[in-house]
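All of the numbers you see were taken from the coordinates with simple rules; none came from a lab. What you are looking at is a predicted structure, and each value in this text was computed from that prediction instead of being measured. Neighbour counts run over all protein chains shown; Cβ positions are idealised from the backbone, glycine included.
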Amino acid sequence: MALADDIRTVRGHVELGRHYLALQRARIAHLQQIEMPTAKAFEFLELLESMQDLHELHLSRLLAKAEPA
């Protein structure tokens, strides 16, 4: 796979991750609004945030690699 393809793929992962983070935050807000437990939802959010950090780091490394020397 070419570098440009890798960048395109990882950008997709970053965008998808942002979408899932927003969904999870909305779920947490809803749970809080109806006074339901949120501990597990927050644990899952932390996991999603960790994965997002890795995707963003991967993207930044690919973009740095693609920069002309």
- Note on the structure: So the angle from the long Cα axis of helix 3-33 to the longest Cα principal axis of the chain, reported in degrees to the nearest 10, equals 10
- Message: How much length would be gained if the chain were fully extended between L21 and L3, taking 0.36 nm per residue of separation minus their Cα-Cα distance, in nm to one decimal?
- Response: 3.8 nm
- Measure nothing fancy, just the Cα-based angle from helix 39-66's long axis to the longest principal axis of the chain, in degrees from 0 to 90, nearest 10. 10
- Note on the structure: By Cβ neighbour count within 10 Å, fewest first, E46, E56, E67 rank E67, E46, E56
- Computed on alpha carbon atoms, what radius of gyration and Dmax characterise the chain, expressed in Å? 15.9, 55
